[in-house]
1. Region 63-92 to region 156-181: how many Å between their Cα centroids?
2. Averaging sequence separations of C-alpha pairs under 8 Å and six or more residues apart, then dividing by the length of region 62-226, give the relative contact order as a whole percent.
3. How large is ³J(HN,Hα) for each residue in region 205-214, as worked out from phi by the Karplus curve 6.51 cos²θ - 1.76 cosθ + 1.60 (θ = phi - 60°), to whole Hz, x for Gly and Pro?
4. What is the gain in length, in nm to one decimal, between T212 and K164 on full extension, counting 0.36 nm per residue of separation less the C-alpha to C-alpha distance?
5. Pop a pseudo-label 7 angstrom from the Cα along the beta-carbon direction at both R171 and K222 and give the gap in nm to one decimal.
6. Amide H of Y69: which non-local residues (sequence gap of 5 or more, or other chain) have their own amide H closer than 5 Å, using H built in the peptide plane?
7. Filter the cross-link list K164/K198; K86/K198; K164/K225; K108/K198; K62/K96 down to pairs whose alpha-carbon distance in this structure exceeds 29 Å.
8. Across region 163-172, in residue order, what do the Karplus-derived ³J(HN,Hα) couplings come to in whole Hz, using 6.51 cos²θ - 1.76 cosθ + 1.60 with θ = phi - 60° and x for Gly and Pro?
Amino acid sequence: MRNKAIVLCLLVVAFIAFAGCGKKETVNNNQPNQIQVNQSQKSDNQQTNNQKDNSTKSEFTKDEFNINYKGVIINDTTPFEQIASKLGIELGKRDKNNVDIKASSNVKNINYDWYVVHLPNKVKEDLVIEYAWNESSKTGYIISGDLLNVQTKGALKVGDSIDKIQSIYGRPSESGYNSSTTNFYNYKLEQKSSGIDKTIGIIADKNTKKVTEIKIYYNNDKAMKEMAITSFD
């Protein structure tokens with residue numbers, strides 16, 4: 001009888017010790033492993049997203065801002081005087097057929113004009129170029145290009161589907177609704193060290209899912225600041 005009691009006591013002690021070991025293992029090992037797995041997954045996801053972002057940015061270069069109009073490459077790195085000469089634009093001059101003045105100002109005794117050039121003309125517009133003109137120094141620079149019937153370097157044009165936007169350029173730098181019927185997609189190239197700040201602005205119709213406007217901004221902010229223009233509204 002005494003031997004049975006001893007054996008029973010030993011069995012109880014062994015059971016308690018075994019149960020305690022199992023509990024200790026569950027608390028100390030499984031939960032930290034779960035947290036570690038979650039952190040690892042988060043890290044992997046962040047790395048994947050970063051790689052995707054960097055890939056998009058590295059592919060999106062300043063060459064994407066080149067406009068090819070009838071063999072003439074238009075951008076803000078080529079002196080605008082050269083571009084104007086090739087396009088037959090007489091700088092600092094109005095033309096009832098294709099050149100208007102959008103705004104004029106005098107800042108610190110310097111006369112500025114904001115010109116709008118319709119190519120080939122106002123009746124048949126393929127491309128609209130806006131440029132700033134310093135009447136005092138007889139110099140100018142491109143502000144923007146509105147691609148009405150000209151495709152981008154990436155082969156996007158007005159009338160293309162919304163899906164084609166991201167298939168060419170990836171995720172936009174900014175996007176949202178422009179109005180109750182349109183959305184906007186902005187692709188920016190900013191290199192502060194080089195003074196580069198450009199944007200390809202795309203507008204698409206919500207109902208038709210088609211691109212309705214493509215405009216490349218080169219020096220819009222610079223021109224407004226230089227000419228002391230706060231708004232065109």
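1. Spelled out, the Cα-based centre of one part sits 25 Å from the other.
2. Reported as a whole number, the value is 18 percent.
3. Once θ is set to phi - 60°, the couplings for region 205-214 become 7, 5, 7, 7, 6, 10, 6, 10, 7, 9 Hz.
4. That pair, T212 and K164, stretches by 16.0 nm at full extension.
5. Here the answer is 3.0 nm between the modelled labels.
6. Placed amide hydrogens put I74 under 5 Å from Y69.
7. Among K164/K198; K86/K198; K164/K225; K108/K198; K62/K96, the Cα-Cα distance tops 29 Å for K164/K225; K62/K96.
8. Using θ = phi - 60°, the values come out as 4, 5, 4, 6, 5, 8, 10, x, 6, x Hz.
Bear in mind these aren't lab numbers, they're just calculated from the coordinates by the rules spelled out. Source: prediction; values computed, not measured. Cβ: placed from backbone, ideal geometry, glycine included. Neighbour counts: every protein chain shown.
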